[in-house]
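Every number in this text was worked out from the coordinates using simple rules, so none of it is lab data. Every value quoted in this text rests on a predicted model; they were computed, and no experiment measured them. Every residue, glycine among them, receives a Cβ derived from its backbone with ideal geometry; neighbour counts consider all protein chains shown.
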Amino acid sequence: MQSEAMTTVPSGSGAPDHPDLEQSSRPLTGTAGAGSSIVRATKRPVGEIFAEMGRSESDLRRFLLGLPGVDQVGAEARAASLATRSIKTTAKLWALEMAVSMVDLTTLEGADTPGKVMSLCAKARRPDPGDPSVPPVAAVCVYPDLVPVAKRALAGSSVKVASVATAFPSGRASLGVKLADVRDAVVAGADEVDMVIDRGAFLSGRYGLVLDEVRAVKQACGQAHLKVILETGELDTYDNVRRASYLAMVGGADFIKTSTGKVSPAATLPVALVMLEAVRDFAELTGALVGVKVAGGIRNAKDAIRYLVIVNETVGEAWLDPSLFRFGASSLLNDLLMQRSKQLSGSYAGTEDFSIA
Amino acid sequence: MTKSYPTQESEHDLETGSIKSDDAVGKGEGAGLIGQHEPCSPKLPATGRAGQAVFEYAPAPESRSIVHLQSSYGLFIDGAFVEPLDGKAYKTENPATEELLAEIAAAGTADVDLAVEAAGRAQKTVWGPMSGVERAKYLFRIARIIQERSRELAVLESLDNGKPIRESRDVDVPLAAAHFFYYAGWADKLEYAGFGPDPQPLGVAGQVIPWNFPLMMAAWKLAPALAAGNTCVLKPATTTPLTALLLAEIIQQADLPPGVVNVLTGAGSVAGAALVAHPGIDKVAFTGSTEIGKDLQRALAGTGKHLTLELGGKAANIVFEDAPLDQAVEGIVNGIFFNQGEVCCAGSRLLVQESIAETVVEKLKRRLATLRVGDPLDKNTDLGAINNAAQLDKIRELAAAGEAEGAVRWSPACSLPERGYWFPPTVFTGVSQAHRIAQEEIFGPVLSVLTFRTPEEAVAKANNTVYGLSAGVWTEKGSRILWMAGQLRAGVVWANSFNRFDPSSPFGGYRESGFGREGGRPGLAAYLDV
């Protein structure tokens, strides 16, 4: 049933209203979900495949509700099982350094100041002042008004500037205001924009509205990379997480991101698993590699390594790269550094040995 | 030692729909060293920073030194470890390395006499007359010591059986403790169990258990028997005596009165046969092959001895097109590759609705490529060694029969250790009900994939077997699950899950899978005069 909706539009339905639907849905036909070998033969750009998606609310609904369901017990059991992987010695060192390079060092407080952001940027460029071999983090994530500060502080480094936008964290503003927020960040030089989806619209079934907003924001981003925050803690079910993931990817997301960090629960292992499965299936369907960012509540290295294991065993090594997987965090970085120094020296350093941002 | 991994396109032939076998594997035994941990996963080119290796999990072996292996073990009779009267011994080995672990006493008929007499005495003088409250205290104590010594038990189980430490640590040992806890709770409540106001124990139970879950099967047998007031003579499987002997040590540590539990190691044809035939035995409980089960039933006919049998199976794992697919794939993997498929209730027949068969098989293959086969003591191992050479031969023979009958064989590329008993995870597609691999219990990591069109056909195929132990149903439609559960002739039906066990849930089969239930309130009935 669900794969049918995903793969074949029932003949007759929708065709009169959407002359292009039948044709454009053909690549989906016969792929039976994620049948990779078949899909590869007919792979087309995302935009082409999904251009018609959302032209009518009913098409979109049929597609999203037709996705294979997620069994909560099974998904949580799988995540728990992967969490028992034992990552030691060389593998641990590798994972810790990889995790450092995937951190979006974040400050999103009302009390943020230029001084705070500059301090964070210095930490981002050189996470461990005593050890230049530690890679810089992936990005610094701030509110739009502080993007110019971060941009200046990070000039000449590989660290990107990410800005939250679209009336973060609630997203409760008109589209015009949200787009102005995005343009503000982009004009100020943000390399990456972290938007929030309209959870109210999603939960009330207005999927088209969510998709349209993602598309509009994508356009407003221009060259900037778009991360779409699903706020999974408010979506409640894994079925919703999978649907929202697809909405974001169809809308043009470069990354899908779990949470704002302002809602509990934030990132969890099973949520990450479901999003990674969506990303994997989407890649098989379209060839497009979409990144995943887990954010909120990841405070220690052990948790970070568990996420990397899930990435490794769900989507594979291609995603073990800062261009396709990120951690949105602040306190995580120092634990990664501390565990790394423990791996290298054999003993733990004190917390005072690591600079605060 | 990883072989090159063909791309998914080359494995799957779009035109014919057939799945090509990777000829580098399937033959089984590649060269490799134990402990060298190679996931069966495809190697993508490394990406990202220069010099970056891929995420290779370093070896993470559980410490073997926690186990203090003796060079030889005696029989546990009347509360003490004793030498067998006729002095015979045999060797038990580590199936992952063929390394000798210890010399084990082989009980003869005289030893069986001693053990049964000790059990009879203990039942009449101590354990039978004891109040349920007091019996419960002993059982709780055993359960707690199992938990305290869980790491030791897990390592020993993996050494002797070949199963991954992840499973012995997370499944076998916790479930063994849980069974003792559960039945300890019943010991003082038997009069409320629905078997009359004062249900009586049967007497002395002779219990013969298999090698696939050595400790857990011992717990499943001992806990309800003891709670009900019986005493026991336990005969562990020949190839896996060590955890039963450690359990005997735990029973000593718990101060259980002498003779209440006796453990006789040795051959089934000698010790096992003498035990079940002994006139001092009132009840026989057997878990093992259907063939031996039939022999037992013939041998016990007319003797008045109570009998419960938990025998083979050929479970259908049924996946409907509206199933939660990613979790169904996990369930298929768990159903057949848990414990190397050496599970009587293993989901060895995948019945998948034809409309999604290709998708499911593709997803399954991708998942199997990530299975980690190797050193059972490595905490990241998913698939360990086959328990013994005879079983490996049987698996090879049936897999060869599958190929000969025209089914298409596939295994992910993976290297297997060169010593020990190993078989790669294997999937047969294009299997029909008429094939031997769809009918006979393989008891190994070999999955047969069959398709169906309608729920009625699924039920007909699932029930088209001499067995009837378990089944799995995967669908998001609740009403269909309930309907299927009513139609399937299987003792256990799992809904959107597989191989999940709980001491409160009765387990047992239909037809050639045996009779009687273990676990839950029905598990008590097997040890009470009801």
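Output the Cα-based Rg and Dmax of region A:221-357 in Å, rounding Rg to one decimal and Dmax to a whole number.
15.9, 49
Compute the helix-to-body angle for B:389-404: its Cα long axis versus the longest principal axis of chain B, expressed 0 to 90° and rounded to tens.
40
Share of antiparallel DSSP beta bridges in the protein assembly as shown, in percent to the nearest 5?
25
Using Cα-Cα distances under 8 Å and only pairs 6 or more residues apart, what relative contact order does region B:152-219 have, in percent?
Once normalised by length, the contact order is 39 percent.
Give, to the nearest whole percent, the P(r) tail of region A:157-316 beyond 26 angstrom, counting all Cα pairs.
Roughly 21 percent, once rounded to a whole number.
How would you classify region B:450-510 from its alpha-carbon gyration tensor, with a ≥ b ≥ c the square roots of the eigenvalues: rounded for a/c under 1.5, else prolate if a/b is greater than b/c, otherwise oblate?
Note, shape of region B:450-510 comes out oblate.
For peptide A:233-240, compute the average count of partner chain beta-carbon atoms within 10 Å of each residue's beta-carbon.
The mean count of partner-chain Cβ atoms within 10 Å per residue comes to 1.
Post the alpha-carbon centroid distance, region B:232-305 to region B:159-231, in whole angstrom.
Centre-to-centre (Cα) distance: 13 Å.
May I have the extent of the alpha carbons of region A:183-238 along their three principal axes, as whole Å values ordered from largest to smallest?
35, 20, 15
Which peptide among A:191-200, B:398-407, B:364-373 comes first, and what is the full order, when sorted by highest mean count of other Cβ atoms within 10 Å?
A:191-200, B:364-373, B:398-407
Report the semi-axes of the equivalent ellipsoid for region B:265-410 in whole Å, largest first, where each axis is √(5λ) for an eigenvalue λ of the Cα gyration tensor.
The equivalent ellipsoid of region B:265-410 has semi-axes of 37, 19, 15 Å.
How much of the calculated P(r) for the protein assembly as shown lies past 41 Å, in percent of all Cα pairs?
Percentage above 41 Å: 43.
Where Lys and Arg each count +1 and Asp and Glu each count -1, what net charge lies around residue B:118 among other residues with Cβ under 13 Å from its Cβ?
So the environment of residue B:118 carries a net charge of -2.
Count, for each residue of B:361-371, the Cβ atoms from other chains sitting within 10 Å of its Cβ, then give me the mean as a whole number.
Rounded to a whole number, the mean comes out at 3.
What order do you get for B:192, A:143, B:421 when you list them from fewest to most C-beta neighbours inside 10 Å?
Fewest-to-most ranking of B:192, A:143, B:421: B:192, A:143, B:421.
Counting each DSSP H run of 4 or more residues in the protein assembly as shown as -39500 (n - 2.57), what helix-only mean residue ellipticity at 222 nm follows after dividing by all residues, to the nearest 500 deg cm²/dmol?
So the calculated ellipticity at 222 nm is -11500 deg cm²/dmol.
How are the C-alpha pair distances of region A:129-193 spread across 10 Å bins, as whole percents from the shortest bin up?
Result returned by the calculation: 23, 44, 22, 9, 2.
Arrange B:470, B:150 by Cβ neighbour counts within 10 Å, fewest through most, would you?
Going from sparsest to densest Cβ surroundings: B:150, B:470.
Cβ under 13 Å from residue B:497's Cβ, residue B:497 left aside: what net charge do those residues give with Lys, Arg +1 and Asp, Glu -1?
Here the count lands on -2.
Show me B:174-186, B:292-304, B:121-133, B:327-339 ranked by packing, highest mean number of other Cβ atoms within 10 Å first.
B:327-339, B:174-186, B:121-133, B:292-304
Using a 10 Å cut-off around each Cβ of peptide B:316-328, what is the average number of partner chain Cβ atoms that fall inside?
6
Using the Kirkwood radius over C-alpha pairs as Rh, can you work out the diffusion coefficient of region B:43-166 via Stokes-Einstein at 10 °C, viscosity 1.306 mPa s, in µm² per second?
My calculation gives 84 µm²/s for D.
Using square roots of five times the C-alpha gyration tensor eigenvalues, list the equivalent-ellipsoid semi-axes of region B:127-228 in whole Å, biggest first.
28, 14, 10
Kindly express, to the nearest 10 degrees and within the range 0 to 90, the angle between helix B:150-161's C-alpha long axis and the longest C-alpha principal axis of chain B.
So the helix axis and the longest Cα principal axis differ by about 70 degrees.
Give me the compactness ratio for region B:218-339, meaning the Cα radius of gyration over 2.2 N^0.38 Å.
Against the compact-globule rule of thumb, the ratio is 1.35.
How much FRET efficiency would the formula 1/(1 + (r/R0)^6) give for residue B:188 and residue B:109, where r is the Cβ-Cβ distance and R0 is 45 Å, rounded to 0.05?
0.75
Binning every alpha carbon pair distance of region B:396-530 at 5 Å from zero, what are the percents per bin?
Going out from 0 Å in 5 Å bins, region B:396-530 shows 2, 9, 14, 18, 17, 16, 12, 8, 4, 1, 0 percent.
Across all directions of projection, what mean area in square nanometres is found for the Cα convex hull of region B:396-475?
6.6
Starting from one equal scatterer on each C-alpha and no solvent at all, send me the Debye-based log10 I(q)/I(0) for region A:72-353 at q = 0.12, 0.15 Å⁻¹, two decimals.
-0.70, -1.10
Any idea what the relative contact order of chain B is, in percent, if you count C-alpha pairs under 8 Å spaced at least 6 apart?
Relative contact order here is 21 percent.
Could you pull the Cα extents of chain B along its three principal axes, largest to smallest, in whole Å?
Cα extents, longest axis first: 73, 51, 40 Å.
Cβ neighbours within 10 Å, averaged per peptide: list A:287-293, A:166-172, B:259-265 in order, most packed at the top.
Per-residue mean Cβ counts within 10 Å order the peptides as B:259-265, A:287-293, A:166-172.
Kindly give Rg over Rh for region A:291-357, based on alpha-carbon atoms, with the Kirkwood expression for the hydrodynamic radius.
Across region A:291-357, the Cα-based Rg/Rh ratio is 1.02.
Restricting to chain B, what percent of DSSP beta bridges are antiparallel, rounded to 5?
Of the beta bridges lying entirely in chain B, close to 35 percent run antiparallel.
Counting only Cα atoms, I'd like the Rg/Rh figure for region B:313-495, Kirkwood definition for Rh.
0.95
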